[in-house]
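A quick write-up on the structure given underneath.
Nothing in this text is a laboratory measurement; each read-out follows from the coordinates by a stated rule. These numbers come from a predicted model, not from an experiment. All Cβ positions, glycine included, derive from the backbone under ideal geometry; neighbour counts span all protein chains shown.
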Amino acid sequence: MAAVRKRRGRAARKRREQRFRGVVIAGGASAILLVAFWSVIWPYLVAGLVLGGLAGGGWWLWRTDRFVRGGDRQWRHDEAVKAGHRTLAEVDAMTGTEFEDFVVDLCRRDGCTDVRRVGGSHDNGADVLGTLPDGRSMVIQCKRYTPKSKIPSREVRDLLGARVHFKADVAIFVATTYFSGPAERFATENDILAVHRDHLGLWNNGTSLLSLGAVHGLGQGDRRHRERWKETYG
């Protein structure tokens with residue numbers, strides 16, 4: 001057994017020595033070729049190093065720019081929330097026009113563009129028009145009602161007509177109160193974003209407009225919520 005192990009050990013050492021010599025020979029051959037053709041190769045090596053450095057520098061600048069811009073956008077958003085924050089009691093005291101301007105400011109805070117108030121006697125069911133941050137056009141109907149009122153389904157239907165009239169991608173109904181059951185169902189069935197009083201509070205406190213779509217159609221509170229609402233405003 002000892003003799004067998006010795007033979008195996010010698011064979012393994014020979015294989016390692018052969019691999020090492022092969023590596024040395026290959027390295028030597030590469031070095032000889034590099035020296036022989038250096039005048040031809042060196043411009044390509046230098047160009048590769050320069051291009052690699054430029055690519056790395058460009059990537060670093062791009063990453064830095066994205067980081068700075070992202071931080072700046074977040075800072076501006078936070079400052080806009082602080083500057084534009086209103087309590088719902090203050091919102092309840094607004095006139096209809098002031099409430100529309102308030103909604104316009106919230107839209108602009110969230111990155112919407114081309115936002116303008118179009119409300120009036122001939123507004124065709126729209127109070128605010130604009131473009132969402134993702135590029136979709138939007139039409140908004142604003143209703144500043146007392147908290148004990150309910151939005152009827154006919155007013156939500158008017159907004160559906162406004163979406164067709166203005167060829168808007170998204171229709172949004174923003175109210176200072178809640179929707180009746182039929183109105184809420186109609187909004188959900190026709191892909192209208194119904195922003196009731198609770199959602200308006202979230203939006204006012206910094207939640208983005210697009211994020212409100214995630215809670216759309218989840219109802220307007222349970223039975224205890226409705227009982228508290230009746231005790232407060234009934």
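Some observations on this one:
- Amide H contacts of Val170: Ser137, Met138, Val139, each under 5 Å away and 5 or more positions distant or on a separate chain (H built 1.01 Å from N in the peptide plane; Pro and chain starts excluded).
- Hz values of 3J(HN,Hα) by residue in the range 143-149 - Karplus curve (6.51, -1.76, 1.60), Gly and Pro given as x: 10, 9, 9, 5, x, 7, 7
- Among residues other than Leu106 with Cβ under 12 Å from its Cβ, the summed charge is -1 (Lys and Arg +1, Asp and Glu -1).
- Here each label is just a point 7 Å from Cα along the line to Cβ, and for Thr64 and Thr95 those points are 5.1 nm apart.
- Highest to lowest packing among 197-207, 135-145, scored as the average C-beta count within 10 Å: 135-145, 197-207
- Taking 11 Å as the cut-off, the amide N atoms of the range 145-174 that come nearer than this to a point 7 Å along the Cα-to-beta-carbon line of Asp134 belong to 170.
- Local electrostatic count, Ala194, Cβ distance below 13 Å [Lys/Arg +1, Asp/Glu -1]: 0
- Phi-based couplings in Hz for the range 152-167 (Karplus 6.51, -1.76, 1.60; Gly and Pro marked x): x, 5, 5, 6, 5, 5, 4, 5, 4, x, 5, 4, 5, 4, 8, 6
- Rounded, prolate or oblate (a/c below 1.5 giving rounded, otherwise prolate when a/b exceeds b/c) for the range 86-223 by Cα gyration tensor: rounded
- Under 5 Å, built H, 5+ apart or other chain: amide partners of Ile151: Tyr178, Phe179, Ser180
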